[in-house]
Amino acid sequence: MRPLYFDYNATTPTHPQVMEAMLPYFNEHFGNPGCTHSYGLSAQKAMQKARQQVADLINASFEEIIFTSGATESNNLVLQGLLEPGDELIVSAIEHPAILNPARALVRKGIDLKIIPVDHNGLIKLDVLKESCTEKTKLISIMLANNEVGTIQPLKEITSWAREKNILVHTDAAQATGKIPVDVQDLGADFLTIAGHKFYAPKGVGALFIRKEINLKPILYGGGQEKGLRPGTENIPYLVALGQACALAQNDLDQEIKRQKELGEIFLSGLKNLDIDFILHGQNAPRLPNTMSIGFKNLRAGDVISGLISYEVAVSAGAACHSSGEKELSYVLKAMNVNEDYGQGTIRFSWGRMTTKEDVHELLSRLKIVFKSLA
């Protein structure tokens with residue numbers, strides 16, 4: 001039985017073109033870009049090409065891209081490098097822990113934190129957001145697309161309003177970049193986070209867009225790499241990989257979006273034919289083309305996943321299992337006020353470039369068997 005991977009929002013395989021681009025920089029072009037000899041200059045040239053490729057994908061300037069180890073570091077760099085005691089930070093209730101946890105840690109350092117609720121589709125309540133801002137509000141951090149449900153936030157509307165109030169806006173675009181068009185000029189964001197392993201680069205590399213007129217303080221100290229914001233010798237193979245992943249996304253993004261939407265339509269239509277009661281979370285909001293969070297009524301996500309694992313299918317649950325053994329809804333589903341009858345049986349299905357129509361049909365066949373066993 002061939003394995004089926006439907007957990008692309010967790011991580012993606014490294015694309016063959018990305019692997020091909022990065023491999024020479026482990027041995028053949030192994031130089032330190034801080035050196036002025038030919039080895040160093042070769043590495044420096046590769047790094048700058050990668051920086052331009054990242055900038056091109058999101059319509060930024062070359063000098064506005066800072067390389068990092070991934071989304072967690074990028075998010076922390078913004079929050080910790082910008083906010084000072086007495087400042088106010090506003091986030092949504094469904095942010096990734098890479099935002100929520102550093103935000104809560106900053107509260108202990110004198111930062112005021114406000115968490116804005118979302119509606120039943122996972123969209124931020126804009127009226128509450130606007131009413132919550134004060135003279136102390138320095139930063140609003142709202143993810144572009146939710147990792148669990150796939151809901152895409154109205155970021156352009158948020159940034160347009162925030163600019164009038166002189167409030168900076170950061171968006172964690174880890175799940176959006178490479179999947180949907182991400183244009184920092186159109187979105188109006190001041191900071192934007194990118195994670196390479198979410199769109200076919202290796203784990204351990206990412207980037208942060210910082211609008212050119214804005215300054216951050218470093219949270220790590222060492223050499224002067226990345227304008228002093230990310231000290232340490234650059235990981236050239238991985239930076240090359242990130243650049244190539246960005247170039248790959250830019251090359252056929254519209255075509256891939258259309259294809260992945262079609263896969264979703266096939267999947268949803270097939271589920272309806274399985275005679276199982278379910279809901280699609282966030283169905284009335286804009287969503288990522290590769291993501292469906294499905295709540296199966298009166299089932300336990302863990303039971304469904306266990307069944308799927310036995311049939312070589314990889315997916316993720318929308319419910320968290322706590323150490324006490326009690327199962328409860330994920331904080332995202334709680335924030336969306338999802339009915340527990342459906343929430344407890346929520347599973348996230350996410351697909352990607354390597355997923356075929358045949359894979360979707362095979363997934364449906366194996367789901368049918370699992371559901372029958374749980375009846």
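The values are calculated or read from the model by the stated rules, or taken from the named source; none is laboratory data. Every value quoted in this text rests on a predicted model; they were computed, and no experiment measured them. Don't worry about glycine lacking a Cβ; one is built from the backbone with ideal geometry, like all the others, and counts go over all protein chains shown.
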TODO: Would you check which residues across the stretch 138-156 are out of contact with any Pro (no Cβ under 9 Å at 6 or more places or on another chain) and surrounded by fewer than 20 Cβ atoms within 10 Å (Cβ to Cβ) and list them?
DONE: LYS138, LYS156
Task: Residues located in the stretch 86-111, provided they are within 16 Å of SER132 (Cα to Cα) and without any contact (Cβ under 8 Å) to a residue 40 or more places away in the chain - done: ILE111
Open item on the list: Quick check on my filter: what residues within the stretch 1-22 are exposed (fewer than 14 other Cβ atoms within 10 Å of the Cβ) and part of a helix (DSSP H, G or I)?
Closed with: PRO16, GLU20
Task: Extreme residue, nearest to the chain's Cα centre (by Cα), among residues of the stretch 254-287 that are among the basic types (Lys, Arg), part of a helix (DSSP H, G or I) and under 23 Å from PHE199 (Cα atoms) - done: LYS261
- [ ] Could you tell me whether any residue of the stretch 41-49 is touching a Pro at 6+ places or on another chain (Cβ under 7 Å), under 30 Å from GLU362 (Cβ atoms) and touching a residue at least 24 places away in the same chain (Cβ under 8 Å)?
- [x] no
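Criterion first (outside any helix (DSSP H, G or I) and not basic (Lys, Arg)) does TYR238 satisfy it?
The answer is no for TYR238.
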Open item on the list: Criterion first (within 20 Å of ASP119 (Cα to Cα), part of a helix (DSSP H, G or I) and not assigned by TED's automatic domain parsing to the domain that holds LYS179) does LYS334 satisfy it?
Closed with: yes
TODO: For the stretch 25-38, name all the residues that are in a helix (DSSP H, G or I) and exposed (fewer than 15 other Cβ atoms within 10 Å of the Cβ).
DONE: SER38
Open item on the list: Criterion first (more than 21 Å from the chain's Cα centre (by Cα), at positive phi and free of Cβ contacts under 8 Å to residues at least 40 places away in the same chain) does GLY228 satisfy it?
Closed with: yes
Task: Yes/no for GLU20 being assigned by TED's automatic domain parsing to the domain that holds LYS179 and at pLDDT below 95 - done: no
Open item on the list: Is it the case, given these coordinates, that ALA173 is under 17 Å from PRO289 (Cβ atoms), at pLDDT 95 or above and out of contact with any helix residue (DSSP H, G or I) (no Cβ under 9 Å at 6 or more places or on another chain)?
Closed with: no
Open item on the list: Just the residues that are under 14 Å from PRO237 (Cα atoms) and touching a helix residue (DSSP H, G or I) at 6+ places or on another chain (Cβ under 7 Å), please, taken from the stretch 31-64.
Closed with: GLY31, ASN32, PRO33, ALA43, ALA46, MET47, LYS49, ALA50, ARG51
Open item on the list: Out of the residues in the stretch 225-235 meeting the condition of being assigned to a helix (DSSP H, G or I) and in contact with a strand residue (DSSP E or B) (Cβ under 9 Å, 6 or more places away or on another chain), tell me which one is surrounded by the most Cβ atoms within 10 Å (Cβ to Cβ).
Closed with: GLU226
Open item on the list: Among the numbered criteria (1) touching a Pro at 6+ places or on another chain (Cβ under 9 Å); (2) crowded, with 23+ Cβ neighbours inside 10 Å, which one does LEU57 miss?
Closed with: (1)
- [ ] Give me a count of the residues in the stretch 350-362 that are under 16 Å from ILE309 (Cα atoms) and buried (at least 24 other Cβ atoms within 10 Å of the Cβ).
- [x] 1
- [ ] From the list PHE30, PHE62, pick out the single residue that is under 23 Å from the mean Cα position of the chain (by Cα), in the same structural domain as GLY206 (by TED's automatic domain parsing) and of a type in the set (Phe, Trp, Tyr).
- [x] PHE62
